[in-house]
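What follows is calculated from the coordinates using simple rules that are stated; it is not laboratory data. Just so it is clear, the structure is predicted and the values come from calculations on it, not from any experiment. Using ideal geometry, Cβ is built from the backbone for each residue, glycine included, and neighbour counts are taken over all protein chains shown.
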Amino acid sequence: MKIIMLGAPGAGKGTQAKMIAEKYGIPHVSTGDIFRANIKNGTELGMEAKKYMDKGLLVPDELTVKILLDRVAKEDCAKGYVLDGFPRTIHQADVLEEALNKIGDKIDFAIDVDVPDENIIRRMSGRRACLSCGATYHIEHVPPKAEGICDKCGQELVLRDDDKAETVKNRLNVYHEQTQPLIEFYEKKGVLKSVDGTVDMKDVFAAIVGILGE
Ligand code: ADP
Ligand code: ADP
Ligand code: ZN
């Protein structure tokens, strides 16, 4: 099963993608997580990506596409995967489709997690991230057991540089201009499913399971 998560930054794509990955036993592939791991390790890719990420801009397709295609070519992705944060442009979607076509494959579901802009800014300022294991928390909705510490790996939680309010506004603009057109793109392919992302995360997940099947 090959799944794409669509939705604004902070809509809950990552939260839902992790639950999908666990329930259906497929890898969760997040280009944002891959970039952040590279930044943390000080790689050349990480340094290049950071320039764009800190401004709330997309990392150029030349860098992003190769990383994603390499990742999904790995053995553990053979039976499927859930993509979180890719594609983010029509060009990225075209490249992915072409790569899948070559192996006689296709995307099964593109799930749009729908959350209005007003809710997004509030969500992002409360998000706390573990840069070690990729876990995500929210100071009100999903607090860690001990304040500021990751439940899963014990590392310190941070407010991501790009989750500050000014940057979030840029990211929302970028989303509307470059990523939102993907909703129509996948609707035309007949694989688009929308869920209301404003409800409790368990209810969002129940709606997704209703789409993907038990
Ligand atoms: P995305 O991957 O789309 O950027 P995240 O999954 O990281 O979004 O979620 C953004 C923030 O909102 C996180 O702090 C997360 O814990 C919180 N969150 C996710 N889903 C919900 C929900 N249904 N209700 C309230 N808060 C949520
Ligand atoms: P969110 O879902 O909260 O927007 P992500 O972790 O998916 O956050 O992405 C963080 C940043 O990483 C983006 O703002 C962008 O700069 C970069 N990025 C992630 N995925 C892509 C992609 N597919 N194309 C271009 N840039 C990306
Ligand atoms: Zn952690």
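Just add up the charged neighbours of ILE120: K/R +1, D/E -1, any other residue whose Cβ is under 10 Å from the Cβ of ILE120.
+2
For the chain, with a Gaussian network of springs between Cα atoms less than 10 Å apart, report the residue from LYS169, LYS189, LYS74 with the top mean-square fluctuation.
Answer for the Gaussian network model of the chain: LYS74.
Going by Cα centres, segment 68-141 and segment 177-192 are how many Å apart?
Between the Cα centres of segment 68-141 and segment 177-192 lies a distance of 14 Å.
I'd like the Karplus ³J(HN,Hα) series for segment 8-17: coefficients 6.51, -1.76, 1.60, θ = phi - 60°, whole numbers in Hz, and an x wherever there's a Gly or Pro.
Running phi through 6.51 cos²θ - 1.76 cosθ + 1.60 with θ = phi - 60° gives 5, x, x, 5, x, 4, x, 4, 6, 4 Hz.
Please report the net charge: other residues with Cβ closer than 13 Å to the Cβ of LYS51, K and R +1, D and E -1.
-3
Within segment 1-35, what residues put their amide N at less than 11 Å from the label point 7 Å along the Cα-to-Cβ vector of GLU187?
Counting only backbone N, you get no residues.
In a shell of Cβ-Cβ distance under 14 Å around VAL199, excluding VAL199 itself, what net charge do Lys and Arg (+1) and Asp and Glu (-1) give?
It works out to a net charge of -2.
What's the tally of Lys pairs in segment 41-142 whose alpha-carbon atoms lie under 27 angstrom apart, where the two lysines are 8 or more places apart or on different chains?
Final tally of qualifying lysine pairs is 12.
Tell me whether segment 147-197 comes out rounded, prolate or oblate; compute the Cα gyration tensor, take square roots of the eigenvalues as a ≥ b ≥ c, and use a/c under 1.5 as the rounded threshold.
oblate
Once the Cβ-Cβ distance between ASN170 and LEU100 is put in as r, and R0 is 25 Å, what FRET efficiency do you end up with, to the nearest 0.05?
Once the sixth-power term is evaluated, E becomes 0.20.
What percent do you get for the relative contact order of the chain when only Cα pairs under 8 Å and 6+ apart count?
30 percent.
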